[in-house]
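The values are calculated or read from the model by the stated rules, or taken from the named source; none is laboratory data. Given the structure is predicted, the values throughout are model-derived calculations rather than measurements. Positions of Cβ are backbone-derived with ideal geometry, glycine not excepted, and every protein chain shown enters the neighbour counts.
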């Protein structure tokens, strides 16, 4: 019984590693569109950074330590939705993870220029 449990735990860890993490918030228009596209897709793990402070801290640690965010931070962008790929690389482009989203023109940037 113990061996089976260990095996199942290893499988779960492997599955989580093969997911694309999506950092988002439901109040962000671009995130809302992404969340709808990935709902029910086991390839994606949606992390709502507004749901719990631990998720926000996880995202802020990533945002404050990775150079991929620098360009967006300079224009006061919140940097969501953010996609962390299986290999640890980061993108903000939904098409790079196989998603196509049509922009509605709404904004979640601090300066009003877009998400």
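Of the residues in segment 90-100, how many are in a loop (DSSP other than H, G, I, E, B), in contact with a helix residue (DSSP H, G or I) (Cβ under 8 Å, 6 or more places away or on another chain) and surrounded by 11 or more Cβ atoms within 10 Å (Cβ to Cβ)? Spell out the reasoning first.
So the first thing to find is which residues in segment 90-100 are in a loop (DSSP other than H, G, I, E, B), and the list is 92-93, 98-100.
If we keep only those that are in contact with a helix residue (DSSP H, G or I) (Cβ under 8 Å, 6 or more places away or on another chain) as well, we get 92, 99-100.
Applying the additional criterion that residues be surrounded by 11 or more Cβ atoms within 10 Å (Cβ to Cβ) yields 92, 99.
Counting residues in segment 90-100 that are in a loop (DSSP other than H, G, I, E, B), in contact with a helix residue (DSSP H, G or I) (Cβ under 8 Å, 6 or more places away or on another chain) and surrounded by 11 or more Cβ atoms within 10 Å (Cβ to Cβ) gives 2.
Out of the residues in segment 16-41 that are assigned to a loop (DSSP other than H, G, I, E, B) and touching a helix residue (DSSP H, G or I) at 6+ places or on another chain (Cβ under 8 Å), which is surrounded by the most Cβ atoms within 10 Å (Cβ to Cβ)? Write out each step before concluding.
Pass one, segment 16-41, residues assigned to a loop (DSSP other than H, G, I, E, B): 18-19, 25-28, 39-41.
Cutting the leftovers down to touching a helix residue (DSSP H, G or I) at 6+ places or on another chain (Cβ under 8 Å) gives us 25-26.
Numbers: 25: 21, 26: 12.
So the residue we want is 25.
For segment 54-77, name all the residues that are at pLDDT 95 or above and surrounded by 15 or more Cβ atoms within 10 Å (Cβ to Cβ).
55, 56, 58, 59, 62, 63, 66, 68, 69, 72
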